[in-house]
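A short write-up of the structure that comes next.
The values are calculated or read from the model by the stated rules, or taken from the named source; none is laboratory data. Just so you know, these numbers come straight off a predicted model, no measurement behind them. No Cβ is skipped: glycine too gets one built from the backbone with ideal geometry, and neighbour counts run over all protein chains shown. Ligands, DNA and RNA are excluded from the accessible area calculation, which covers all protein heavy atoms including side chains. Shrake-Rupley method; radii C 1.70, N 1.55, O 1.52, S 1.80 Å.
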Amino acid sequence: MNRIKWGKKIIALVLFVTMLVTSGCGTGKQAKDTKTENKTGDGYQYTQELQMIDDQTRTYYEIFVYSFYDSNGDGIGDLQGVIEKLDYIQDMGYNGIWLMPIMPSPTYHKYDTTDYCAVDSDYGTLEDMEQLIAECHKRDIRLIIDFMMNHTSREHTWFQEAYQYLSKLKKGKKPSAKECKYVDYYHFVSEDEKGTGYYQVGNTKWYYEGAFWDGMPDLNLENAAVRKELEKAAKFWLDKGVDGFRLDGVLYFTGNDEKNIEILKWFHDYVVSVQPEAYIVGEVWTNYNVAVQYLKSGIDSVFDFSFGQANGIIVKDVRQSGTGKVGRSFADSMVNIQEMTDAVNGETGGSATVAEFLTNHDTGRMANILGKEDKIKIAYAMELFMTGNAFVYYGEDIALTGAGKDENFRAPMYWSATDQTGMCDGPENMDQFENIFPSLEEQEKDPKSIHQFIKRCIRIRNENPEIARGKVAVIPEVTDEAICAITKTYEDSQIVMLYNLSTETKTVTLDQKQHKYQGIRGYVSADGSEVTLEGDSITLPPYSVVVLK
Ligand SMILES: [Ca+2]
Ligand SMILES: [Ca+2]
């Protein structure tokens, strides 16, 4: 199961002339007095070099192509639009992209495909996709795509063939795969066998399963012929150079965890037989203690629905910050996630990682869930500083607005308030609403914007490989209701991380010798003020995180 074969080659890029950090010395104020280039423009002087490691642990940007950037003025985002914005994505610090479905589909969201081996004409051509892959790889960005194997579109020819066959089937006759192989591609049952989520074939006594809606008939993933079709599709994209897959709706493959895991194992084993370095992350939408079991299939990650979304640990802790035992419970939660992942890796001998996120295309956005700028900022720091892969949904980098229904979660990226170039129309049934926070153009000019804050979090993550790869241990003596204090150890290197999860300034005393640190590696704070170190004493502004080493 050891698929990380890139040898942990460290590519240390010195992007900017840097100053050496000295202990007891904050970094923000000096920045304004130097001529040194500062890329985020938030007044934060980088003192560390980037340490990008070419492995499976990455920071991914999830893109809904439809609403991202429109290159040809038809109001729909497209692959050329993504190519145009790759510099932006790279500049933000992402080294992975997850593209939501790009295959042909009758819907705007494209989760129901009619062809697994093509690009939807709304988005462009296969040549555009090849160009996008090449441009990503030039930038050391890995590109994964949504792969929907639970269901096809109702309009897929496989389903249409089966549907027509069943429509014409004589009364009392059983369907035969010899006459039409596609009847075994889906879950067709007779009237007496149908359960919830089954839909009638015309006015026959035959029904098909559509777990999500009648437009998305569920595939029979235990059929060898279906598996062959999906293998062909996976190989098609891997041969094009795609770096892996985000697997949609894993929990719905069958109603049974063990069967689902077996299906994942088949898919995983096939994918790595074609491309040993491919990354596979599954959407297993349930608590992590259940989802983590799916890593036994060999896939690299499952999304952590325990930490993410509106009712997840991060949002809950941010809402309760200052009132409950947030510092301690957040630290314990991180250890808990780690222990669950380690336990499965121990069993399989694998090196699976957790995939963290706060929002995605199925959830409301942080602008609506948390509303306040300081709370959104600390929530993103909590997510981006977790061990594992981090995913950020497009638009969250400016706290785009979106609540209520799916279409609203998939609103157009708000590039500028004055320049309409590249702006998309968004889904047809989206409600009309104003954005709560300013456009990217405005936030790029504001050193204290949410955008600058998130960019800085990713920068610090990319400077310190221990953040995404380190083993977490709690420092119990200083962890309390406001402060989460942990160490992270990756190979021979250890960092200390202190989170002030309260709205008041806090001072923490931590012996430098005992905890093996000499200075500040980097910090973020919601109001932009400095984290300072004096002797063994660290002062943390409200909602701030510091990395010490
Ligand atoms: Ca377009
Ligand atoms: Ca299914």
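In the range 329-369, of all residues being surrounded by fewer than 21 Cβ atoms within 10 Å (Cβ to Cβ) and among the acidic types (Asp, Glu), the one that is farthest from THR503 (Cα to Cα) corresponds to GLU347. If you go through the range 81-101 one residue at a time, do you hit one that is open to solvent by 10 Å² or more (accessible area, probe 1.4 Å), in contact (Cβ under 8 Å) with a residue 60 or more places away in the chain and within 16 Å of ligand 2 (Cβ to nearest atom)? No, the range 81-101 contains no residue that is open to solvent by 10 Å² or more (accessible area, probe 1.4 Å), in contact (Cβ under 8 Å) with a residue 60 or more places away in the chain and within 16 Å of ligand 2 (Cβ to nearest atom).
Number of residues in the range 410-429 that are polar (S, T, N, Q) and within 15 Å of ligand 1 (Cβ to nearest atom) equals 2.
Just one of GLU127, GLU161, GLU193 is surrounded by fewer than 21 Cβ atoms within 10 Å (Cβ to Cβ) and under 28 Å from PHE64 (Cβ atoms); which is it?
Working: GLU161 fails: under 28 Å from PHE64 (Cβ atoms); GLU193 fails: under 28 Å from PHE64 (Cβ atoms).
The conditions single out GLU127.
Can you confirm whether ALA331 is of a type in the set (A, V, I, L, M), over 24 Å from PHE64 (Cα atoms) and in contact (Cβ under 8 Å) with a residue 12 or more places away in the chain? The answer is yes for ALA331.
Quick grid of which residues meet (1) on the phi > 0 side of the Ramachandran plot; (2) within 16 Å of ligand 1 (Cβ to nearest atom); (3) at pLDDT 50 or above:
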residue	(1), (2), (3)
ARG3	no, no, no
ILE10	no, no, no
LEU20	no, no, no
THR47	no, no, yes
GLN56	no, no, yes
GLU62	no, no, yes
ASP74	no, yes, yes
GLN80	no, yes, yes
ASP91	no, no, yes
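Name the single residue that is surrounded by the most Cβ atoms within 10 Å (Cβ to Cβ) among those in the range 65-80 being without any contact (Cβ under 8 Å) to a residue 60 or more places away in the chain and not aliphatic (A, V, I, L, M).
At the first step, the residues of the range 65-80 found to be without any contact (Cβ under 8 Å) to a residue 60 or more places away in the chain are 65, 72-74, 78-80.
Within this subset, residues satisfying the condition of being not aliphatic (A, V, I, L, M) are 72-74, 78, 80.
Numbers: ASN72: 11, GLY73: 10, ASP74: 11, ASP78: 26, GLN80: 18.
Filtering first and then ranking leaves ASP78.
Only strands (runs of 3 or more DSSP E) wholly contained in the range 493-542 count here; list those with 2 or more residues that are open to solvent by 40 Å² or more (accessible area, probe 1.4 Å).
Values: elements: 493-500, 506-509, 520-525, 532-534, 537-540.
The strands (runs of 3 or more DSSP E) meeting that bar are 506-509, 532-534.
Evaluation of ALA390 against the conditions (1) among the small types (Gly, Ala, Ser); (2) farther than 25 Å from LEU143 by Cβ; (3) not in a loop (DSSP other than H, G, I, E, B) shows that the sole unmet condition is (2).
Restricting attention to the range 293-316, which residues are in a helix (DSSP H, G or I) and open to solvent by less than 10 Å² (accessible area, probe 1.4 Å)?
Our first condition is that a residue be in a helix (DSSP H, G or I); within the range 293-316, this holds for 293-297, 313-316.
Answer for the range 293-316, where residues must be in a helix (DSSP H, G or I) and open to solvent by less than 10 Å² (accessible area, probe 1.4 Å): TYR294, LEU295, SER297, ILE314, VAL315.
Determine, yes or no, whether PHE147 is within 16 Å of ligand 2 (Cβ to nearest atom), more than 29 Å from SER190 (Cβ to Cβ) and buried (at least 18 other Cβ atoms within 10 Å of the Cβ). Criteria met by PHE147.
Residues that are closer than 30 Å to ALA134 by Cα, at pLDDT 95 or above, in a loop (DSSP other than H, G, I, E, B) and away from ligand 2 (no atom under 16 Å from the Cβ) do occur in the range 232-242, at least one of them. Number of residues in the range 328-376 that are among the small types (Gly, Ala, Ser), under 30 Å from MET430 (Cβ atoms) and not in a helix (DSSP H, G or I) equals 3.
Given GLY244, GLY215, GLY249, which one is under 23 Å from HIS137 (Cβ atoms), open to solvent by less than 10 Å² (accessible area, probe 1.4 Å), in contact (Cβ under 8 Å) with a residue 24 or more places away in the chain and more than 16 Å from ligand 1 (Cβ to nearest atom)? Talk me through it step by step, then tell me what you get.
Working: GLY215 fails: under 23 Å from HIS137 (Cβ atoms); GLY249 fails: under 23 Å from HIS137 (Cβ atoms).
GLY244 is the lone residue from the list that is under 23 Å from HIS137 (Cβ atoms), open to solvent by less than 10 Å² (accessible area, probe 1.4 Å), in contact (Cβ under 8 Å) with a residue 24 or more places away in the chain and more than 16 Å from ligand 1 (Cβ to nearest atom).
The sole residue among LYS377, LYS372, LYS405 that is closer than 23 Å to VAL546 by Cα and surrounded by fewer than 21 Cβ atoms within 10 Å (Cβ to Cβ) is LYS372.
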